[in-house]
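Below is one structure; the comments refer to it alone.
The values are calculated or read from the model by the stated rules, or taken from the named source; none is laboratory data. None of the values given here were measured: they were computed from a predicted structure. When we count neighbours, we look across all protein chains shown, and the Cβ atoms used for this are built from the backbone with ideal geometry, even at glycine.
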Amino acid sequence: MVRIAITKGRIEKDFCKLLKKCDFDIAPIENKDRELQIRTQDNIEFIFAKSNDVLTFIEHGIADLGVVGKDTLEENDFNDYNELLDLNVGKCYFALAAYPNYKDKTFISRKKIATKYPNIAKRYFGNMQENVEIIKLEGSVELGPVIGMTDAIVDIVETGATLKANGLEVIEKILDVSTRLISNKVSLKYKSEEIYNIVDKIHKVIKEESIC
(Lines give C-alpha, C1' and ligand atoms only; values in the text may rest on other atoms or scores of the structure.)
Protein backbone atom coordinates (compact mmCIF):
# COMPACT_ATOMS: atom_id res chain seq x y z
CA MET A 1 0.00 0.00 0.00
CA VAL A 2 1.10 3.55 -0.79
CA ARG A 3 -0.18 6.33 1.44
CA ILE A 4 -0.54 9.81 -0.07
CA ALA A 5 -1.09 12.97 1.97
CA ILE A 6 -2.93 15.62 -0.05
CA THR A 7 -3.38 19.28 0.74
CA LYS A 8 -7.11 19.90 1.16
CA GLY A 9 -9.00 22.32 -1.07
CA ARG A 10 -7.97 23.36 -4.55
CA ILE A 11 -4.85 21.18 -4.60
CA GLU A 12 -6.95 18.16 -3.67
CA LYS A 13 -9.39 18.86 -6.53
CA ASP A 14 -6.63 19.43 -9.11
CA PHE A 15 -4.73 16.31 -8.07
CA CYS A 16 -7.85 14.14 -8.17
CA LYS A 17 -8.51 15.32 -11.73
CA LEU A 18 -5.01 14.14 -12.62
CA LEU A 19 -5.56 10.78 -10.95
CA LYS A 20 -8.82 10.33 -12.85
CA LYS A 21 -7.04 10.95 -16.15
CA CYS A 22 -4.54 8.27 -15.11
CA ASP A 23 -7.45 5.81 -14.61
CA PHE A 24 -6.93 5.54 -10.87
CA ASP A 25 -9.98 4.77 -8.75
CA ILE A 26 -11.08 8.07 -7.23
CA ALA A 27 -14.78 7.28 -6.75
CA PRO A 28 -14.37 6.99 -2.95
CA ILE A 29 -12.79 10.46 -2.91
CA GLU A 30 -15.47 12.02 -5.09
CA ASN A 31 -18.13 10.57 -2.81
CA LYS A 32 -16.48 11.31 0.51
CA ASP A 33 -18.18 13.52 3.05
CA ARG A 34 -16.00 14.63 5.96
CA GLU A 35 -13.73 11.61 5.87
CA LEU A 36 -10.07 12.45 6.33
CA GLN A 37 -8.66 9.06 5.33
CA ILE A 38 -9.78 6.93 2.39
CA ARG A 39 -8.49 3.73 0.80
CA THR A 40 -9.20 2.90 -2.85
CA GLN A 41 -9.25 -0.24 -4.99
CA ASP A 42 -5.79 0.69 -6.31
CA ASN A 43 -4.42 -0.07 -2.85
CA ILE A 44 -3.71 3.60 -2.27
CA GLU A 45 -4.63 5.30 0.97
CA PHE A 46 -5.27 9.04 0.92
CA ILE A 47 -4.96 11.43 3.84
CA PHE A 48 -6.48 14.90 3.48
CA ALA A 49 -4.71 17.56 5.50
CA LYS A 50 -3.53 21.15 5.68
CA SER A 51 -0.39 21.93 3.70
CA ASN A 52 2.03 22.17 6.63
CA ASP A 53 0.69 18.92 8.05
CA VAL A 54 1.43 17.17 4.74
CA LEU A 55 5.11 17.99 5.30
CA THR A 56 4.89 16.73 8.89
CA PHE A 57 3.42 13.41 7.70
CA ILE A 58 6.22 13.05 5.14
CA GLU A 59 8.86 13.94 7.73
CA HIS A 60 7.65 11.30 10.19
CA GLY A 61 7.08 8.60 7.59
CA ILE A 62 3.31 8.58 8.06
CA ALA A 63 2.85 9.27 4.34
CA ASP A 64 4.92 7.90 1.46
CA LEU A 65 3.94 10.67 -0.94
CA GLY A 66 2.75 14.23 -0.44
CA VAL A 67 0.93 16.66 -2.69
CA VAL A 68 1.69 20.23 -1.69
CA GLY A 69 2.31 23.70 -3.11
CA LYS A 70 5.82 24.95 -3.82
CA ASP A 71 5.03 27.90 -1.54
CA THR A 72 4.77 25.56 1.45
CA LEU A 73 8.03 23.83 0.53
CA GLU A 74 9.87 27.14 0.17
CA GLU A 75 8.53 28.62 3.41
CA ASN A 76 9.39 25.64 5.62
CA ASP A 77 12.82 24.55 6.84
CA PHE A 78 12.09 20.86 6.24
CA ASN A 79 14.26 19.58 3.36
CA ASP A 80 14.34 15.83 4.01
CA TYR A 81 12.21 14.81 1.04
CA ASN A 82 12.47 14.03 -2.67
CA GLU A 83 10.64 16.26 -5.12
CA LEU A 84 9.40 13.85 -7.79
CA LEU A 85 7.12 15.88 -10.06
CA ASP A 86 5.93 19.35 -10.86
CA LEU A 87 2.24 18.56 -11.33
CA ASN A 88 1.79 21.62 -13.53
CA VAL A 89 -1.36 22.73 -11.68
CA GLY A 90 -2.07 25.46 -9.15
CA LYS A 91 0.20 27.84 -11.02
CA CYS A 92 0.81 31.27 -9.52
CA TYR A 93 3.80 33.25 -8.30
CA PHE A 94 5.27 35.17 -5.38
CA ALA A 95 5.64 38.89 -5.93
CA LEU A 96 6.65 42.08 -4.23
CA ALA A 97 3.61 44.36 -4.53
CA ALA A 98 2.99 47.94 -3.46
CA TYR A 99 1.49 51.23 -4.54
CA PRO A 100 2.79 52.46 -7.94
CA ASN A 101 5.06 55.11 -6.34
CA TYR A 102 7.06 52.44 -4.43
CA LYS A 103 10.10 52.59 -6.73
CA ASP A 104 10.27 56.38 -6.70
CA LYS A 105 9.52 56.82 -3.01
CA THR A 106 12.25 58.03 -0.67
CA PHE A 107 12.40 55.86 2.45
CA ILE A 108 13.64 57.63 5.58
CA SER A 109 13.66 54.44 7.68
CA ARG A 110 13.74 50.69 6.92
CA LYS A 111 11.05 49.51 4.57
CA LYS A 112 8.26 47.56 6.25
CA ILE A 113 6.96 44.49 4.42
CA ALA A 114 3.76 42.59 5.23
CA THR A 115 3.60 38.90 4.38
CA LYS A 116 2.28 35.47 5.37
CA TYR A 117 5.61 34.04 4.24
CA PRO A 118 8.40 35.62 6.34
CA ASN A 119 11.09 33.11 5.34
CA ILE A 120 10.54 33.66 1.62
CA ALA A 121 10.43 37.44 2.14
CA LYS A 122 13.63 37.42 4.23
CA ARG A 123 15.42 35.31 1.62
CA TYR A 124 14.32 37.61 -1.20
CA PHE A 125 15.41 40.82 0.51
CA GLY A 126 18.61 39.14 1.73
CA ASN A 127 19.50 38.31 -1.87
CA MET A 128 18.73 41.95 -2.75
CA GLN A 129 20.99 43.00 0.16
CA GLU A 130 18.19 45.10 1.61
CA ASN A 131 17.62 45.41 5.33
CA VAL A 132 13.85 45.49 5.84
CA GLU A 133 11.39 44.89 8.66
CA ILE A 134 9.19 41.86 8.00
CA ILE A 135 5.74 41.97 9.57
CA LYS A 136 3.80 38.71 9.49
CA LEU A 137 0.06 38.93 8.86
CA GLU A 138 -2.23 35.90 8.80
CA GLY A 139 -5.11 37.46 6.90
CA SER A 140 -5.26 39.83 3.94
CA VAL A 141 -1.70 41.13 3.67
CA GLU A 142 -2.91 43.84 1.26
CA LEU A 143 -4.15 45.64 4.36
CA GLY A 144 -0.55 46.43 5.29
CA PRO A 145 -0.07 49.20 2.70
CA VAL A 146 -3.79 50.10 2.64
CA ILE A 147 -3.84 51.11 6.33
CA GLY A 148 -0.34 52.59 6.17
CA MET A 149 1.34 49.97 8.36
CA THR A 150 3.76 48.70 5.70
CA ASP A 151 5.33 49.96 2.48
CA ALA A 152 4.78 46.78 0.49
CA ILE A 153 3.80 43.13 0.64
CA VAL A 154 5.26 39.80 -0.42
CA ASP A 155 2.46 37.46 -1.35
CA ILE A 156 1.19 34.88 -3.83
CA VAL A 157 -0.40 36.38 -6.93
CA GLU A 158 -2.79 34.42 -9.13
CA THR A 159 -4.92 36.87 -11.11
CA GLY A 160 -3.84 40.13 -9.48
CA ALA A 161 -7.49 41.13 -8.99
CA THR A 162 -7.16 41.71 -5.23
CA LEU A 163 -4.06 43.86 -5.74
CA LYS A 164 -5.81 45.95 -8.37
CA ALA A 165 -8.93 46.36 -6.24
CA ASN A 166 -6.76 47.88 -3.51
CA GLY A 167 -4.67 50.11 -5.76
CA LEU A 168 -1.56 47.91 -5.57
CA GLU A 169 0.55 46.51 -8.38
CA VAL A 170 3.30 43.94 -8.85
CA ILE A 171 6.68 45.60 -8.44
CA GLU A 172 8.74 42.47 -9.00
CA LYS A 173 8.07 38.80 -9.59
CA ILE A 174 9.97 36.67 -7.06
CA LEU A 175 9.22 32.98 -7.52
CA ASP A 176 6.99 30.73 -9.63
CA VAL A 177 4.71 28.41 -7.67
CA SER A 178 2.88 25.21 -8.61
CA THR A 179 1.80 21.97 -6.96
CA ARG A 180 4.52 19.36 -6.38
CA LEU A 181 4.56 15.63 -5.70
CA ILE A 182 7.11 14.79 -3.01
CA SER A 183 8.15 11.59 -1.27
CA ASN A 184 9.53 10.37 2.00
CA LYS A 185 13.12 9.28 1.27
CA VAL A 186 12.83 5.96 3.11
CA SER A 187 9.57 5.13 1.35
CA LEU A 188 11.17 5.84 -2.02
CA LYS A 189 13.84 3.30 -1.17
CA TYR A 190 11.60 0.50 0.08
CA LYS A 191 8.47 1.13 -2.01
CA SER A 192 10.18 2.31 -5.18
CA GLU A 193 8.23 0.05 -7.54
CA GLU A 194 4.82 1.04 -6.18
CA ILE A 195 5.71 4.72 -6.00
CA TYR A 196 7.22 4.95 -9.47
CA ASN A 197 4.22 3.12 -10.90
CA ILE A 198 2.11 6.05 -9.68
CA VAL A 199 4.68 8.67 -10.68
CA ASP A 200 5.12 7.32 -14.21
CA LYS A 201 1.37 7.29 -14.89
CA ILE A 202 0.97 10.87 -13.67
CA HIS A 203 4.03 12.06 -15.57
CA LYS A 204 2.72 10.53 -18.79
CA VAL A 205 -0.57 12.43 -18.48
CA ILE A 206 1.21 15.70 -17.67
CA LYS A 207 3.51 15.24 -20.66
CA GLU A 208 0.61 14.51 -22.99
CA GLU A 209 -1.27 17.58 -21.81
CA SER A 210 1.77 19.83 -22.24
CA ILE A 211 2.15 18.64 -25.84
CA CYS A 212 -1.51 19.40 -26.52
Checklist entry - Quick one: which helices (runs of 4 or more DSSP H) sit completely within the stretch 158-212 and have at least 1 residues that are polar (S, T, N, Q) and over 21 Å from the mean Cα position of the chain (by Cα)? => result 185-190, 192-211
Next on the checklist: Among (1) of a type in the set (Asp, Glu); (2) modelled with pLDDT under 95; (3) in contact with a Pro (Cβ under 9 Å, 6 or more places away or on another chain), there is one condition Glu75 misses while meeting the rest; what is its number?
Outcome noted: (2)
Checklist entry - So, in the stretch 82-137, of the ones that are over 24 Å from the mean Cα position of the chain (by Cα) and in a helix (DSSP H, G or I), which residue ends up modelled with the highest pLDDT? => result Pro100
Checklist outcome for this item: (1) under 17 Å from Lys91 (Cβ atoms); (2) in contact with a Lys or Arg (Cβ under 8 Å, 6 or more places away or on another chain) all hold for Ala161 apart from (2)
Item to check | Residue match in the stretch 114-126 (condition: hydrophobic (A, V, I, L, M, F, W, C) and either touching a Pro at 6+ places or on another chain (Cβ under 6 Å) or more than 16 Å from Tyr93 (Cβ to Cβ) (or both)) | outcome: yes
Next on the checklist: If I filter the stretch 22-42 for residues that are at pLDDT 95 or above, among the hydroxyl-bearing types (Ser, Thr, Tyr) and within 22 Å of Ile202 (Cα to Cα), do I get at least one hit?
Outcome noted: no
Next on the checklist: For the list (1) modelled with pLDDT of 95 or more; (2) in contact with a strand residue (DSSP E or B) (Cβ under 6 Å, 6 or more places away or on another chain), I need the number of the one condition that Ala165 fails.
Outcome noted: (2)
Checklist entry - Residues in the stretch 54-81 that are more than 28 Å from Glu209 (Cα to Cα), in a loop (DSSP other than H, G, I, E, B) and charged (D, E, K, R): how many? => result 2
Next on the checklist: What are the pairs with Cβ atoms under 8 angstrom where one residue, in the stretch 96-125, is under 15 Å from Val157 (Cα atoms) and the other, located anywhere, is in a strand (DSSP E or B) and of a type in the set (Gly, Ala, Ser)? Sequence gap at least six, or different chains.
Outcome noted: Leu96/Ala152; Ala97/Ala152; Ala98/Ala152; Ala114/Ala152
Checklist entry - Can you tell me which residues in the stretch 16-55 are of a type in the set (D, E, K, R), touching a Lys or Arg at 6+ places or on another chain (Cβ under 7 Å) and under 19 Å from Asn197 (Cβ atoms)? => result Glu45
Item to check | Lone qualifier among Asp33, Asp64 - being closer than 18 Å to Lys185 by Cα, charged (D, E, K, R) and assigned by TED's automatic domain parsing to the domain that holds Leu188 | outcome: Asp64
